[in-house]
Each structure stands twice: as structure tokens, then as C-alpha cells.
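Asks: Just dropping this structure here.
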Amino acid sequence: MKVTLFITCLVDLFHPNVGKATVELLERLGCEVEFPEAQTCCGQPAYNSGYVKEAKEAMKHMIRTFEHAQYIVTPSGSCATMFKEYPHIFQHDQEWEAKAKKVAEKTYELTQFLVDVLKVENVGAKLKGRATYHTSCHMTRLLGVKDAPSRLLKHVEGLEVVPLPNAHNCCGFGGTFSVKMGPISEQTVDEKVRYIEETNADYLIGADCGCLMNIGGRLERTGKRIRVMHIAEVLNSR
Amino acid sequence: MAMKIGADSFHQRVEAGLHNSFMRGAVAGAQERLRTRRLDAAEELGNWEEWRALGEQIRQHTLLHLDYYLMQLSENVAKRGGHVFFAQTAEEANQYIREVVIKKNAKKIVKSKSMVTEEIHLNAMLEAAGCEVIETDLGEYILQIDDHDPPSHIVAPALHKNKEQIRDVFRKKLAYDKTEKPEELAAHARKMLRNEYLTADVGITGCNFAIAESGSITLVTNEGNADLVTALPKTQITVMGMERIVPTFEEMEVLVSLLTRSAVGQKLTSYITVLTGPRDEGDVDGPEEFHLVIVDNGRSSILGTEFQPVLQCIRCAACVNVCPVYRHIGGHSYGSIYSEPIGAVLSPLLGGYDDYKELPYASTLCAACTEACPVKIPLHELLLKHRQIIVEREGKAPISEKLAMKAFGLGAASSLLYKLGSKVAPNALQPFTTDERIVKGIGPLKAWTEIREFPAPAKERFRDWFREHRKERERDGNDL
């Protein structure tokens, strides 16, 4: 099966290991992975800040880059959600709306692709320790991917996954919110960190690099020894 | 604008909120209780998503035909001997009510809870006209006797106060000598209020839903105070936002069920009262005179715009009860009687961007509000629309942000610029980097690194690795 990777700008520039893990995992499961070099960013930073004109330029570029793919897979619930929003954003532009629809229809978040398309739950991963999982807001509420991560993590040999109290609450990232509303973001992420600590987990796992950068950055700043892992890295652990 | 509270800037208010540890504890606790209760009440009803869809449909239909239903309502109120006044502005509403009160020579007025009367600052006007105004909802009563502390939540206005604080207010203002036990506090308030109902000249209420087909108003409470406000004084004035209307009793029943379940997790509240016009011949109680004041105050200019869905709101506060930002800063931080998230959408529309331009940004766009809303208002999308207007039409965005976003637009729309920029980034940020971490950033990174570490851009981007990886795979493939 041919899979076109939308790696996201955060993974490309800051967390290449997440990208490597995604590729290795998909290849091990028999996918042929291609990576269009023209890809940049889905446009979310500009769109969510109100710069719709600038965001649309980025979006058109991404639509052109991905419109001929068979399956578009991305290791981010939030960026997948953005692709899914494209038709709505171009709703008054017939030509681009049609193209956007084609892209949106074949876009999958990584765990969603594994469970719904490849129909695998046990990817043969092994990781020893105790983990808790952060459900990111866009992925669960807007993309509607709620169970796939836990179904996959359940089969990771040696891994005990414990529930995170008040998991439904946002981590306080919110893109530019994290810098525009710094003091509020700080309190929000601190509360998240407290709940993570309560679980006594060795690992915090998530499926969105934005949230993980926020929570991970705060864990590091406050000297907590909890390792932050993207779910692709966990599923690629052997 | 009238709904504004306090003169401090948004950031000053947030600062105060974040330092109010009691308030934050109370809000977090209330959010958790109310969220669980709401989910249980929805579960118990079953098919919640279908009920939400029906709620949305009812509200959208009513808004689409608002002129028709308002006319029908007004005719039916008149038929039953009531008076209807359409107030375009807060001033017009206040002026009309003032005239009624003066004509009745009213000295004492009892009120049940109403957000729209908060919005138009009715109490201040009535007091200036020489009337004594008594709020009878327990939460509102507490705030009123505490030197008019503004409400911090649209359903539980005194959410920010604990029982010890309330006891102290009672001791100071009401010569109260008992403990902080809620039962004792409530009993005292009830005793104080009982006489007020009996001696009031006018009763003023809000309106949860007006019913067009019968000219009735619906009041939803747990304390029964609205029933006394409407049963005892000789004159009743009901004030409603112009969108708070349903076509028939059938739709009212659906919306009341959505309201009580979403607001407080109850199947029904203790009192749901439907009143039609003044007292009829032979009735034992009820007002001799009934006035319905229908307030526009900026609502009609929302109709027909992309913000119209905000008028679907039934004021249940389910969105407030799940908001992670409200959780930490509390209701007073918003500077409006309507707090996040519904208030962050509504306040700039009713009160203008000058006073409320920060509110649409005080959201992580986590969409918990949109998910909780029983009438499916796309709240987080409306916040985004505000941001777009602030940037594009109002021109209120900071210049540095505009430049950054311009650069983003160029960079993200061109693979060449993106590739170049991302290649030089690690070198450009080298001076700020220790152990692959940026601990103290400059520019937009500064605000981030004040709170958290930031990863330095990777020396080898994913795309560089992938190129090598593919070459390797091809080599391996050729070897086979």
C-alpha cells in the first residue's frame, strides 16, 4: 500500500525522530512510504491567529502537493484536523473546495490509519515501564479519533498504561495562545503536569507534537524525570 | 457598554484571577462536579446527539423566522391583557421600565435572576430613580449585599465565593450571628427575603423562553424565588433578550430539558413556571399588570451575519463549565457579565472590539465548549472569526505579529523558501542553544521560554534523513 507522508513542520524541523519512527513503523507494516519534498506547513499557525489570507496560501500549496496521493498519513491529530477543515475553509471557492475535499477525504492521523485502514492493533512493539496518555483536543474532539491510540498501546509488550486524571482538559498549548496568554498557559500546563505526576508514569505519550512540546518543555523546566514520547516512537520500540 | 464590569485592563484582571487561589479551587471543583452531572443527565436521557441536533434545529428555525414569532408573541401577550415594549437599546429598555415604576409609584422592587437586566444595568437605573431593588436569587442576593460584587458565572453568579466568605458578608451586612453552614445561611436569606416579597410594589424577572403561540413566559429556577416575584407584587415586568423565544410549548419542553441537564445536570429543576399575562378574573394570585420588555441591544445586528449561531444560546453555561481558561482565571477576568467561551464570542459583538479585543484570544481553541453546547453553537469557530476580523478589518493586531505571519504565508506557500529557512534555522539559533534546548529565547520565543524549554531545531531535518533513507532502501532493493 502506498502511503504519502505529511510529516508536519514541527516533526520535520524539531522532532525528526518522530518522523523516522513513523516511516519505519509504516514500512514494517508493509507500506511503501513516499515523502513529497514540496510540503511545508498546513497553515494552522496563521489560520488560528486570524491570518486567513496568509493561511490560504499555505493551504493551496499543500493541496497542490498532496492532491494526487492515495492515502495521506500524518503523525499529528491537530494537523490532520486542519487538512479535514480545508473544504470548509474554501467553501466559497468552488475550484479549491473540490480539490480540498479530495485531500481531506484521504487524510488519516497515524493511529487512525493503523487501526481503521491497515486494521492492525498489535504492531509488535515492546517498551518496558509505566505510561500515561495525553488525549489531545483536536484529535479527540474535532477529528473524532478517541480509541485508536489506546487500542494500539494495549498491545505494546511490557507497557502498563494508566489513566490520566482529568484527561479531557486541554494542556494549555493552543498554538499562539501559549505565548500570547503565557501566564494562563503556564497555570494550565502546570495542572496537567500535576496530574501526570500523580500517575507515577515513566512515560508521557501523546499523538501531537504541539502538546508534547508544551508539556515536555514544562516537565523539563521544572526538573521532572518523566520521558515524553510520541506514540509513533512507542509503537516503533522493539 | 453596559455589560462591562470594572475599569482594569484584561491583563490586570487575569493577573488578579490567577492569584485568587480560593476562586480557582472553587471553579475547578464546580467544573468537575457540573461536567460529571451534565454527562450523567445526558446519558440518562439517551440519544444525546439527536437531542442536540433537535435543539439546534429549533433554535435555527426560530432565528430564521424571528420577526414572525416576535410578532405572534406580542399579539398574544396583548390579547391576554399584557403590555409589550420593543427596546432597541439598553437606554430605551431602562427608560420604559423607569416610566412604569414611576407611574406605579413603586418604592420596592423584587427581582429574580436575569442576565439581560445585568447587561442593561437595570438595577443602577432603578436605584438612581429612588427605588430599593432586591435580588431574590440566592447567588445574586449575596453579590448584591456584598456591595454589588458582579456575577462571575451566568448560572451560578456567586461561584467565586466560599461559604466562609458568604458568612462574613452576612455578618457584616445583615447582622447574622450563625455559622457558615449552607443550610443556616440559606435559611437566613429566606427569612430576610420573605418580607421583601410581601411588601414589594413591582416584581421584575428575566425570561428563559417566551412562547409565541400563547404569549407566555417560562421561568426556570431551583429556589422558587421567581414564583414569589411573579405571584405577590401587583405589577410584573419581564425583560427578555429578543432571541429568547420558541414557537410552541413543544419546543419549549425540548429546550428546557436541554437547559436543565446542561446547566446543572438535572432532569428538571425544582420549579419550571409558565406564566401568561396578568391575573385573570378569579385567579388567587399573580400581577394585576404585566409588561414584557423585549431587548435588542445589538442582537438584531448579529442576525444574518456569520455570528448568527451565537443567538442560538440558551444560557446554560455548559461551555463555561468545561473551559480550561475560565477554570484558571474565573469570570471576573473577562470584564463582561458574559464570560468565556460564550461571552468571548458575544461580548465583542454586543460591546465592541475596543473593550473586548483580547477575549477571542483567551482560548486554546480546544473545542471543549463546542462539544458541550446543547444547541451546537460552533463556539471555537466563532472565536476564530473574531480573530480574523480583528486582524483583517479592525487592524488591531500587533505589527510584529503581522510581519511574522506575512513571512509565514510566504514561507509556507513556497517549498523553496521553507527549505532555505529551515536549513539555516539551527545556525541562526545556535547562540541561544544549550544541549539542544533553548532555555532563554528572544522575540516570539521569549514568552515561550519564560515558562518552558524549547527544543532547538534539529541539525538534521526529517527531510534530510528521509532522502538518505530512501537511497539506502533503493540500494538494498537493487541488491536483492
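Asks: Any idea which residue in the range B:290-324 is surrounded by the most Cβ atoms within 10 Å (Cβ to Cβ), counting only those that are more than 23 Å from B:Glu118 (Cα to Cα) and over 13 Å from the mean Cα position of the chain (by Cα)? Write out each step before concluding.
Replies: Restricting attention to the range B:290-324, the residues satisfying the condition of being more than 23 Å from B:Glu118 (Cα to Cα) are B:304-306, B:322, B:324.
Then drop every residue that is not over 13 Å from the mean Cα position of the chain (by Cα), which leaves B:304-306, B:324.
Values: B:Gly304: 10, B:Thr305: 12, B:Glu306: 12, B:Pro324: 27.
Checking each candidate, the answer is B:Pro324.
Asks: Select from the range A:162-196 the residues that are more than 7 Å from every other protein chain (Cβ to nearest Cβ), in contact (Cβ under 8 Å) with a residue 40 or more places away in the chain and of a type outside the set (Gly, Ala, Ser) and list them in ascending order.
Replies: A:Cys171, A:Thr176, A:Lys192, A:Ile196, listed by residue number.
Asks: Test B:Met71 against the stated conditions and say whether it is crowded, with 17+ Cβ neighbours inside 10 Å and at negative phi. First the steps, then the outcome.
Replies: Numbers: crowded, with 17+ Cβ neighbours inside 10 Å: no; at negative phi: yes.
The answer is no for B:Met71.
Asks: Which of (1) touching a Leu at 6+ places or on another chain (Cβ under 7 Å); (2) buried (at least 22 other Cβ atoms within 10 Å of the Cβ); (3) more than 10 Å from chain B (Cβ to nearest Cβ); (4) part of a loop (DSSP other than H, G, I, E, B) is the odd one out, the single condition A:Ser237 does not satisfy?
Replies: (2)
Asks: Please state which of the following conditions A:Val11 fails to meet, knowing it meets all the rest: (1) in contact (Cβ under 8 Å) with a residue 60 or more places away in the chain; (2) at the interface with chain B (Cβ under 10 Å from one of its Cβ atoms); (3) outside any helix (DSSP H, G or I).
Replies: Exception for A:Val11: condition (3).
This table checks each residue for (1) charged (D, E, K, R); (2) within 13 Å of the chain's Cα centre (by Cα).
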{"residue": "A:Thr8", "(1), (2)": "no, yes"}
{"residue": "A:Cys41", "(1), (2)": "no, no"}
{"residue": "A:Met62", "(1), (2)": "no, no"}
{"residue": "A:Ile72", "(1), (2)": "no, no"}
{"residue": "A:Glu85", "(1), (2)": "yes, no"}
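Asks: Would it be correct to say that B:Leu159 is in the same structural domain as B:Met115 (by TED's automatic domain parsing), farther than 22 Å from B:Leu63 by Cβ and among the aliphatic types (A, V, I, L, M)? Give the steps one after another, and end with the answer.
Replies: Working: in the same structural domain as B:Met115 (by TED's automatic domain parsing): yes; farther than 22 Å from B:Leu63 by Cβ: yes; among the aliphatic types (A, V, I, L, M): yes.
Yes; evaluated as a whole, the condition is true for this residue.
Asks: Kindly state which helices (runs of 4 or more DSSP H) lie completely within the range B:412-480 and contain at least 1 residues that are of a type outside the set (D, E, K, R) and in contact (Cβ under 8 Å) with a residue 12 or more places away in the chain.
Replies: Details: elements: B:415-428, B:444-449, B:462-479.
The qualifying helices (runs of 4 or more DSSP H) are B:415-428, B:444-449.
Asks: Let me ask you something else. Among the numbered criteria (1) modelled with pLDDT of 95 or more; (2) touching an Asp or Glu at 6+ places or on another chain (Cβ under 9 Å); (3) crowded, with 21+ Cβ neighbours inside 10 Å, which single criterion is violated by B:Met405?
Replies: (1)
Asks: Would you mind finding the one in A:Gly19, A:Gly30 that is assigned to a loop (DSSP other than H, G, I, E, B) and touching a residue at least 24 places away in the same chain (Cβ under 8 Å)?
Replies: Details: A:Gly19 fails: assigned to a loop (DSSP other than H, G, I, E, B).
Unique residue meeting the criteria: A:Gly30.
Asks: Here is a follow-up. Select from the range B:163-196 the residues that are out of contact with any helix residue (DSSP H, G or I) (no Cβ under 6 Å at 6 or more places or on another chain) and not in a helix (DSSP H, G or I) and write down the one among them that is nearest to B:Pro233 (Cα to Cα).
Replies: B:Ala175
Asks: Can you give me the number of residues within the range B:334-363 that are over 20 Å from A:Thr176 (Cα atoms) and of a type outside the set (Phe, Trp, Tyr)?
Replies: Qualifying residue count for the region: 15.
Asks: Could you tell me whether B:Gln60 is out of contact with any helix residue (DSSP H, G or I) (no Cβ under 9 Å at 6 or more places or on another chain), modelled with pLDDT of 95 or more, away from every other protein chain (no Cβ under 14 Å) and over 30 Å from B:Ile166 (Cβ atoms)? Break it down into steps so the answer makes sense when it comes.
Replies: Details: out of contact with any helix residue (DSSP H, G or I) (no Cβ under 9 Å at 6 or more places or on another chain): no; modelled with pLDDT of 95 or more: yes; away from every other protein chain (no Cβ under 14 Å): yes; over 30 Å from B:Ile166 (Cβ atoms): yes.
It is false that B:Gln60 is out of contact with any helix residue (DSSP H, G or I) (no Cβ under 9 Å at 6 or more places or on another chain), modelled with pLDDT of 95 or more, away from every other protein chain (no Cβ under 14 Å) and over 30 Å from B:Ile166 (Cβ atoms).
Asks: Within the range B:386-395, is even one residue at pLDDT below 90, surrounded by fewer than 24 Cβ atoms within 10 Å (Cβ to Cβ) and away from chain A (no Cβ under 11 Å)? Show your work before the answer.
Replies: Here is the first cut: in the range B:386-395, the residues at pLDDT below 90 are B:392-395.
Subset that is surrounded by fewer than 24 Cβ atoms within 10 Å (Cβ to Cβ): B:392-395.
Narrowing the set further to residues that are away from chain A (no Cβ under 11 Å) leaves B:395.
Checked the range B:386-395: at least one residue is at pLDDT below 90, surrounded by fewer than 24 Cβ atoms within 10 Å (Cβ to Cβ) and away from chain A (no Cβ under 11 Å).
Asks: Exactly one condition in (1) over 24 Å from B:Arg393 (Cβ atoms); (2) within 14 Å of chain A (Cβ to nearest Cβ); (3) not small (Gly, Ala, Ser) is false for B:Ile314; which is it?
Replies: For B:Ile314, the exception is condition (2).
Asks: Answer with yes or no whether B:Ile451 is more than 7 Å from every other protein chain (Cβ to nearest Cβ), of a type outside the set (Gly, Ala, Ser) and more than 20 Å from A:Ile7 (Cβ to Cβ). First the steps, then the outcome.
Replies: Numbers: more than 7 Å from every other protein chain (Cβ to nearest Cβ): no; of a type outside the set (Gly, Ala, Ser): yes; more than 20 Å from A:Ile7 (Cβ to Cβ): yes.
It is false that B:Ile451 is more than 7 Å from every other protein chain (Cβ to nearest Cβ), of a type outside the set (Gly, Ala, Ser) and more than 20 Å from A:Ile7 (Cβ to Cβ).
Asks: Using beta carbons and a limit of 7 Å, which pairs, at least six apart or on different chains, have the first residue in the range A:62-88 and away from chain B (no Cβ under 14 Å) and the second one outside any helix (DSSP H, G or I) and among the acidic types (Asp, Glu)?
Replies: Sorted first by the residue in the range A:62-88, then by its partner, the pairs are A:Ala80/A:Glu109.
Asks: A follow-up question, please. Failed condition for B:Thr230, given (1) over 23 Å from B:Leu54 (Cβ atoms); (2) under 20 Å from the mean Cα position of the chain (by Cα); (3) among the β-branched types (Val, Ile, Thr), with all others met?
Replies: (2)
Asks: A follow-up question, please. Report whether or not A:Glu97 is surrounded by fewer than 19 Cβ atoms within 10 Å (Cβ to Cβ) and within 13 Å of chain B (Cβ to nearest Cβ). Walk me through it before giving the result.
Replies: Working: surrounded by fewer than 19 Cβ atoms within 10 Å (Cβ to Cβ): yes; within 13 Å of chain B (Cβ to nearest Cβ): no.
In short, no.
The values are calculated or read from the model by the stated rules, or taken from the named source; none is laboratory data. Just so you know, these numbers come straight off a predicted model, no measurement behind them. No Cβ is skipped: glycine too gets one built from the backbone with ideal geometry, and neighbour counts run over all protein chains shown.
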